[in-house]
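Notes follow once the structure below has been shown.
The values are calculated or read from the model by the stated rules, or taken from the named source; none is laboratory data. Since the model is a prediction, treat every value here as computed from it, not as a measurement. Here the Cβ is made from the backbone with ideal geometry for all residues, glycine too, and neighbour counts use every protein chain on show.
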Amino acid sequence: MPTYKAPLRDMRFLLNEVFDFPAHYRSLSNGADATPDMVDSILEECARFCEEELAPLNLSGDAEGCTLADGKVTTPKGFKEAYAQFVAGGWQGLSHPGEYGGQGLPMSLGLLKSEMMGTANWAFTMYPGLSLGAMNTIMQHASDDLKSVYMPPLVEGRWAGTMCLTEPQCGTDLGQVKTRAEPNGDGTYAVTGTKIFISSGDHDLTENIVHIVLARLPDAPPGTRGISLFMIPKIKVNADGSLGAPNGVVCSALEHKMGIKASATCVINFEGSTAYLISPENKGLEAMFTFMNTARIGTAVQGVAHAELSFQGALAYAKERRSMRALSGKKEPDKNADAIIHHADVRRMLLTQKAVAEGGRAMLYFAGMYADHMTNGILENDKAKYDLWDDKLGFFTPILKGFLTELGTEAASLGVQVFGGHGYIREHGMEQILRDARISTLYEGTTGIQALDLLGRKVLLMTRGKAVREFTAIIGKFALDQVRNRGMRRFATELGRYVTEWNLLTVRIMLTARNDRDVVSSASHHFLMYSGYVTMAYFWALQAAVATDKLAKGGSETPEFYKAKIDVARFYFDHLLPRAKGHAASITKPSKSLTRLPVDSFAFN
């Protein structure tokens, strides 16, 4: 089983030297307490909790899984005790307001916590992770009375939360939702229906679970225009916050899954459950996006987490496993064979994993800064500020979720490959990482849905290409600033070419779509992946620029650390960024090769 070690050196490099988080936190209305010493203490303590408590439960939790008996779910051995430590440490309320018992720190600190926890044990992390989305949704949309009762136990971690969207007849197409909400006459509603694929839908970690549920009112219009958003506690809650009777929320089945087996994925039946409307009538889908965007960024973390964990396992194995001699000559002449890390193809796999993990981490931390500004808009009751940063983060979110989970799954697969046949054997833990990673490209909207959201909604419909122009302007300015730097000239020149092409591709799709509407769908996947590769290239070039400067002037790390950053950046530009060219070639092709084959001609058997 891979032994998880929190990558604190890389995290600190990004926080302190690449993005200057100390200055960023000083600019926030809720950042005064996020001093460098405080942040470092949080990193150290979270790393200890993840390495000593969560990581040892990862393999055993997968082997044991969750069990369902008499409508109640039991989590694997050790999870309940670990969750009690999580609550005692105050981790759930790290970035939530002090008025509800939280620590009121910036949202990005919660992202750092989630990355370490998710890498150590993704299945465990899903339980409090789903609660964060529920809390954010309640904070933004529920009444003050509901918030005063429900937020304190959620922030403390005594209660948990979920989101309930999918039904047996519909997944992404939420216009088909059939769950019904009937007014009770006292301001509450009785909700009846079945939801499937509900992560953390039931468990024994908390005393109550609060479900955020999409349902239809009796007079609701059809389709997505007739969906409302409700809050439904598993156990009824009295006016004073104490728990009452069961609320007709029944877990009828556990899904039998490929991975994340220690995370309870449930079929939940609502049987006339008492519910509270937390969105305007028939405006539930808009409100639910608060939860969805939180979950999508959380899922992007999963891509980085599985790349990091698989890399750590593969690296240790590659240093120890000996096979044949390196083509350039013996590297360990006193041994019967060289360690496989000396073979170029093994290095290709390890460097791909490292580039994905560390490049993806940089992308996430950058997004975390956007999220901090966005949430400050809420705290300051400044709608214009919130909308500005919400739009910026909204463009970035599908790239994070779609691209990082695709590459995270690839990195997990490479970890199995480095181990060879041993990677396919359960006790080494590498195949579990791949199984756990595979779901990341599916839930919270498949990669195809993220691609359509990026190209069809964020780029074409909402901004007519402005979102791409604004982000590429950031990259273009960086490239222009660095082109006269001898050590950075190659990176800067290539980035300049790619951002120019990114804008040209956007315009070309816009023009083509006038006569070929299907091109938006046929090009969307390639557009997302192209966007991802160029975005990650920028963040690798940014890291290389900082490392080059620190080598010349001195920094907090060793010269070897900075040199390694530059070397991995070169690997990324040499071996991974060229993939974007293939996606660009496919983007410009007409949709006919995808659409003209008749449905009946797909198979003739």
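Of all residues in segment 169-210, those satisfying the criterion of being of a type in the set (Ser, Thr, Tyr), closer than 30 Å to Ala82 by Cα and assigned to a loop (DSSP other than H, G, I, E, B) are Ser200, Thr206. Somewhere in segment 19-35, is a residue of a type in the set (Asp, Glu), surrounded by fewer than 17 Cβ atoms within 10 Å (Cβ to Cβ) and either assigned by TED's automatic domain parsing to the domain that holds Asp436 or touching a residue at least 12 places away in the same chain (Cβ under 8 Å) (or both)? There is at least one residue in segment 19-35 that is of a type in the set (Asp, Glu), surrounded by fewer than 17 Cβ atoms within 10 Å (Cβ to Cβ) and either assigned by TED's automatic domain parsing to the domain that holds Asp436 or touching a residue at least 12 places away in the same chain (Cβ under 8 Å) (or both). Among the residues making up segment 85-96, those that are touching a Gly at 6+ places or on another chain (Cβ under 8 Å) and in a helix (DSSP H, G or I) are Phe86, Val87.
For first residues located in segment 346-363 and within 11 Å of Leu407 (Cα to Cα), partners that are of a type in the set (Asp, Glu) and buried (at least 24 other Cβ atoms within 10 Å of the Cβ) and lie 6+ apart or on another chain with Cβ distances below 6 Å form the pairs Ala357/Glu308. Contact map, segment 254-267: residues that are assigned by TED's automatic domain parsing to the domain that holds Phe79 paired with residues that are surrounded by fewer than 19 Cβ atoms within 10 Å (Cβ to Cβ) and part of a loop (DSSP other than H, G, I, E, B), Cβ distance under 7 Å, separation 6+ or inter-chain. Pairs shown: Lys261/Gly65; Ala262/Gly65; Thr265/Glu255; Thr265/Lys257. Would segment 147-159 turn up any residue that is within 19 Å of the chain's Cα centre (by Cα), surrounded by fewer than 24 Cβ atoms within 10 Å (Cβ to Cβ), of a type in the set (S, T, N, Q) and under 25 Å from Leu277 (Cβ atoms)? The answer is no, given that none of the residues of segment 147-159 is within 19 Å of the chain's Cα centre (by Cα), surrounded by fewer than 24 Cβ atoms within 10 Å (Cβ to Cβ), of a type in the set (S, T, N, Q) and under 25 Å from Leu277 (Cβ atoms). For segment 252-275, the set of residues classified as touching a Pro at 6+ places or on another chain (Cβ under 9 Å) and either under 20 Å from Thr409 (Cα atoms) or not hydrophobic (A, V, I, L, M, F, W, C) (or both) consists of Lys261, Ala262, Ser273, Thr274, listed by residue number. From the residues in segment 476-512 that are under 19 Å from Ala451 (Cα atoms) and either over 31 Å from the mean Cα position of the chain (by Cα) or not assigned by TED's automatic domain parsing to the domain that holds Thr535 (or both), which one is surrounded by the most Cβ atoms within 10 Å (Cβ to Cβ)? Here the answer is Thr512. In segment 172-184 there is at least one residue matching the filter, namely being at pLDDT 95 or above and of a type in the set (D, E, K, R).
If I ask for residues that are farther than 17 Å from Gly175 by Cβ and under 29 Å from the mean Cα position of the chain (by Cα), which ones from segment 214-254 would you list? Selection gives Phe230, Met231, Ile232, Pro233, Lys234, Val249, Val250, Cys251, Ser252, Ala253, Leu254.
Considering each residue of segment 236-259 in turn, at least one proves to be among the hydroxyl-bearing types (Ser, Thr, Tyr) and either assigned to a strand (DSSP E or B) or farther than 29 Å from Lys147 by Cα (or both).
Take Tyr370 and decide whether it is in a helix (DSSP H, G or I) and touching a Lys or Arg at 6+ places or on another chain (Cβ under 9 Å). So Tyr370 passes the test. Considering Gly185, Gly171, the condition of being small (Gly, Ala, Ser) and either in contact (Cβ under 8 Å) with a residue 12 or more places away in the chain or on the phi < 0 side of the Ramachandran plot (or both) is satisfied by Gly171 alone. Residues that are of a type in the set (Gly, Ala, Ser) and not in a helix (DSSP H, G or I) within segment 546-605 comprise Gly554, Gly555, Ser556, Ser591, Ala603, listed in sequence order. For segment 441-450, indicate whether the set of residues that are over 18 Å from the mean Cα position of the chain (by Cα) and surrounded by fewer than 22 Cβ atoms within 10 Å (Cβ to Cβ) is non-empty. No: zero hits.
Residues in segment 26-84 that are within 30 Å of Gly377 (Cβ to Cβ), of a type in the set (D, E, K, R) and assigned to a helix (DSSP H, G or I): Arg26, Asp37, Asp40, Glu45.
Determine whether segment 528-541 contains at least one residue that is in contact (Cβ under 8 Å) with a residue 60 or more places away in the chain and among the polar types (S, T, N, Q). Yes: segment 528-541 contains one or more residues that are in contact (Cβ under 8 Å) with a residue 60 or more places away in the chain and among the polar types (S, T, N, Q). Being among the polar types (S, T, N, Q) and out of contact with any Gly (no Cβ under 7 Å at 6 or more places or on another chain) is the filter here; which residues of segment 547-598 pass it? Passing the criteria: Ser556, Thr558, Ser586, Thr588, Ser591, Ser593, Thr595. For segment 136-147, the count of residues that are polar (S, T, N, Q), over 30 Å from Val356 (Cα atoms) and assigned to a helix (DSSP H, G or I) is nonzero.
Considering the conditions (1) over 22 Å from Thr119 (Cα atoms); (2) of a type in the set (Ser, Thr, Tyr); (3) not in a strand (DSSP E or B), Thr274 is excluded by exactly one of them, (3). Considering (1) surrounded by fewer than 23 Cβ atoms within 10 Å (Cβ to Cβ); (2) at pLDDT below 95, the lone condition that Thr137 does not fulfil carries the number (1).
Got at least one residue in segment 265-274 being surrounded by 22 or more Cβ atoms within 10 Å (Cβ to Cβ) and touching a helix residue (DSSP H, G or I) at 6+ places or on another chain (Cβ under 6 Å)? No, because not a single residue in segment 265-274 is surrounded by 22 or more Cβ atoms within 10 Å (Cβ to Cβ) and touching a helix residue (DSSP H, G or I) at 6+ places or on another chain (Cβ under 6 Å). Residues that are basic (Lys, Arg), under 26 Å from His141 (Cβ atoms) and under 13 Å from the mean Cα position of the chain (by Cα) do occur in segment 380-403, at least one of them.
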